[in-house]
1. Find the residue count for the stretch 60-76, including only residues that are open to solvent by less than 80 Å² (accessible area, probe 1.4 Å) and not acidic (Asp, Glu).
2. Here is a list of conditions, (1) under 21 Å from Thr9 (Cα atoms); (2) in contact (Cβ under 8 Å) with a residue 24 or more places away in the chain; (3) among the charged types (D, E, K, R), and Glu88 meets all of them except one; can you say which number that is?
3. With the condition kept exactly as written, say whether any residue in the stretch 56-72 is in contact (Cβ under 8 Å) with a residue 40 or more places away in the chain and in contact with a Leu (Cβ under 8 Å, 6 or more places away or on another chain).
4. Can you pull out the residues in the stretch 37-51 that are closer than 18 Å to Glu86 by Cβ, in a helix (DSSP H, G or I) and not aliphatic (A, V, I, L, M)?
Amino acid sequence: MANYKYRYTDVPSLLQGDMPEEDAVCWRCRREGIMDFHHILPNARKEASEKLGAWVWLCRPCHREIHNTAQGIRQWEKWKRDCQTEFERFHTREEWMRYAHKNYRD
């Protein structure tokens, strides 16, 4: 496996910025320790998440909660909108749609 700066990609997180894993804190609860790489765009769009920088570091308890509770899923939906908003500060909606295939802002 290749050495990636952020585990899966060399693109910094749109939400957390340039934060390598060894310095990472959980995006949700700010806990330090072992982190999971959470793709903001789901399932088939994971590769797009890596190319866009649509990812965050999460501690294991928060990562489970994001995937398995109604509150977590609502928060994940907000992160999708936030990532798109941040991406569109420097890029076009068309560029976002080319990778994400979904507009989360409207």
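The values are calculated or read from the model by the stated rules, or taken from the named source; none is laboratory data. Note that the structure is a prediction, hence the values are computed from the model and not measured. Heads up, the Cβs are rebuilt from the backbone with ideal geometry, glycines too, and the neighbour counts pull from every protein chain shown. The area values use the complete protein model at the heavy-atom level, side chains included, leaving out ligands, DNA and RNA. Shrake-Rupley method; radii C 1.70, N 1.55, O 1.52, S 1.80 Å.
1. Narrowing the stretch 60-76 to residues open to solvent by less than 80 Å² (accessible area, probe 1.4 Å): 61-63, 65-66, 69-70, 72-73, 75-76.
Checking the rest, the ones that are also not acidic (Asp, Glu) come to 61-63, 66, 69-70, 72-73, 75-76.
Going through the stretch 60-76 one residue at a time, the tally reaches 10.
2. Against the list (1) under 21 Å from Thr9 (Cα atoms); (2) in contact (Cβ under 8 Å) with a residue 24 or more places away in the chain; (3) among the charged types (D, E, K, R), Glu88 comes up short only on (2).
3. Taking the stretch 56-72 as the starting set, the residues that turn out to be in contact (Cβ under 8 Å) with a residue 40 or more places away in the chain are 56-57.
Imposing the further condition that a residue be in contact with a Leu (Cβ under 8 Å, 6 or more places away or on another chain) reduces the set to 56.
Yes, the stretch 56-72 has at least one match.
4. Selection gives Arg45, Ser49, Glu50, Lys51.
Yes/no matrix, rows are residues, columns are (1) at pLDDT below 95; (2) open to solvent by less than 20 Å² (accessible area, probe 1.4 Å):
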| position | (1), (2) |
| --- | --- |
| Tyr8 | yes, no |
| Pro12 | yes, no |
| Glu21 | yes, no |
| Arg28 | no, no |
| Glu50 | yes, no |
| Lys78 | no, no |
| Glu88 | no, no |
| Trp96 | no, yes |
| Tyr99 | yes, no |
